[in-house]
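Everything on this sheet refers to the single structure shown next.
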Amino acid sequence: MKPKSLFTRLLLSHAVIILVTMLVLGGMFNYLLQHYLANRLQQQFEKNAQTLANNPLIRESIALAADDILDNVAKQVSQSIEADVIIIDSSGTVLASSEKGVVGEALNREEVKNVLAGQTYSRWGGTLLGTPSLTVGNPIKLNNTVIGAVFLDTSIKGFQANLFSFRLYILYAALMALVLAVILAYFLAKSISRPILQMNKVAKALARGGKTEMVSYQGDDELGALVNVFNRSITEIQNTLVEQHKLEEQRREFVANVSHEFRAPVTSLQGFLELMQDGVIPDEEKSKYFTLMLKDIGRLNRLVSDLLDLARFQAGQAKIKPVALEPGLLASEVVAKLTPRATEKNIRLLTEFSQALSPVLADGDRLEQILVNLIDNALRFTPVDGWIKISIHQGEEETCFSVADSGIGIPPQDLPYVFERFYKVDKARTPDKGGTGLGLAIVRELVLAHGGTIDVESKSGQGTVFSFTLPNA
């Protein structure tokens, strides 16, 4: 059997509650209405009986035994109040009656005796004339002496008809109210179940890996709080999935890049070794091939070393030992080491800093590595007769280093990715410019490890400026 939906259960529960409530209220209202109408009718007839008992004409007629006058009064009153009128004397003898079919023994009842004893009398459902009725009695007194009694007897069929009409009106109103309540319950159940059903739909779509949307619900109640928590959770899950997808893409790209970087030198080494093994290379040329093989091995060593450094920094395992050191002195030593390579390419290494700078807080070996990587990167992309300028400017709390060049520049679409590992602006991966694609990624990790920042500015054909900051000692 298919389970009922939340909407169906809510609608049925609301309908049952409404129906039970209306039945209880209808029953109570019916009882109160019946009680009110009955009391009102009874009070009216008791007042009529008292008025007749206090009528001087009726008193004098009983005293004079004027039955004709009493009969006329009884008939006139009976027509005006739509009730049977019976007048008796103190012995219980019927003196006048608007209804000729009075049963004599009915006047011998205990209630008649009580009225003649001076008590008033009211009873529902009792009969003096043999029909269901409301009967009231009142003693007739003269000089504080009971000389007779008057009885009013009215059929309750009219009362019951009126009560039935009232009940029909109540029933019609209750049915209309029930229909309206069910309609309101329908929309209420919809408003409650809709966000829950949406959350269920979104959760299923998320489980299938499909496209999901936020659940729309505006409210400050518990359901609104639940929807907000659900939407935040969905957002976090989607972000996590996006991050996982990006990590997976990066992993695949990393494997592909590593494979590519290793393939070229390994293939070159394998080719050279096969040629030597087959005796194709003459002895006088082996020295040249050994030099090429050593170059490939050096490239492999640099690649492995860079990969290990980057992995250690990203895993938080690499330790730096910052100390107070003079940035101008260290930068001068780096420039001196790289000057021969720059001279080979006819590139000028310019400096813009003083030797007497305030100390910075840095690891000397790592700061040297940062500067070497940045200058080496500039040397690869600066054409002959170009220039590279190393600048150092100090502020109150930090020192800014910059390496600018007159090279080919970086296209705008490539700037956001230059610090990503294996990202290369030179898509052709030419040997003189390709590098390993890890130098700038390592530079960023080193700067961040020192608590500094790094940035790049460039325009195609107009050179590039790499800037980074380190805290002052």
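Taking a Cβ cut-off of under 15 Å around VAL280, the surrounding Lys, Arg, Asp and Glu residues balance to a net charge of -3, with basic ones at +1 and acidic ones at -1.
Take the alpha carbon atoms of region 6-161, find their radius of gyration, then divide it by 2.2 N^0.38 Å using N residues; give the quotient. The partial results should precede the final answer.
Numbers: Rg = 21.8 Å, N = 156, 2.2 N^0.38 = 15.0 Å.
Region 6-161 yields a ratio of 1.46.
The residue list PRO282, ALA449, LEU152 was ranked by how far each Cα lies along the charge dipole of the chain toward its positive end, using unit charges on Cβ atoms, and LEU152 comes out on top.
Since only LEU184, VAL465, ALA38 are under comparison, the one whose Cα sits farthest along the positive direction of the charge dipole of the chain, derived from C-beta charges on Lys, Arg, Asp and Glu, is ALA38. Using 0.36 nm per residue and subtracting the Cα-Cα separation, the extra length available between LEU197 and SER155 on full extension is 9.0 nm. Here r is the Cβ-Cβ distance between HIS245 and ARG302 and R0 is 30 Å; the resulting FRET efficiency, rounded to 0.05, is 0.45. Seen against the Cα atoms of the chain and their longest principal axis, helix 6-53 is set at about 20 degrees.
Are any of the pairs LYS288/LYS345; LYS47/LYS113; LYS321/LYS389; LYS295/LYS459; LYS246/LYS321 more than 26 Å apart by Cα-Cα distance, and if so, which?
Details: LYS288/LYS345 22 Å; LYS47/LYS113 21 Å; LYS321/LYS389 28 Å; LYS295/LYS459 33 Å; LYS246/LYS321 33 Å.
Beyond 26 Å between Cα atoms: LYS321/LYS389; LYS295/LYS459; LYS246/LYS321.
In terms of the mean number of neighbouring beta-carbon atoms within 10 Å, the peptides 165-172, 81-88 order highest first as 81-88, 165-172.
Sort ILE183, ILE390, ILE192, ILE140 so that the residue with the fewest other Cβ atoms within 10 Å of its own Cβ comes first and the one with the most comes last. Walk me through the numbers on the way to the answer.
Working: ILE183 10, ILE390 22, ILE192 17, ILE140 25.
Fewest-to-most Cβ neighbours within 10 Å comes out as ILE183, ILE192, ILE390, ILE140.
Charge dipole (Cα centre; +1 on Lys/Arg Cβ, -1 on Asp/Glu Cβ; no other charges) of the chain amounts to roughly 1120 debye.
Take the alpha-carbon positions of the chain, form their convex hull, and give its projected area averaged over all directions (one quarter of the hull surface) in nm². Display every interim value, and only then the final one.
Values: hull surface 201.8 nm².
About 50.5 nm², averaged over all directions.
Note on region 319-471: antiparallel DSSP beta bridges, both residues inside, total approximately 80 percent of the bridges counted.
FYI, it's all coordinate maths here, none of it is from the lab. Note that this is a predicted model, so its numbers are computed, not measured. Every residue, glycine as well, gets a Cβ built from its backbone with ideal geometry; the counts of neighbours run over all protein chains shown.
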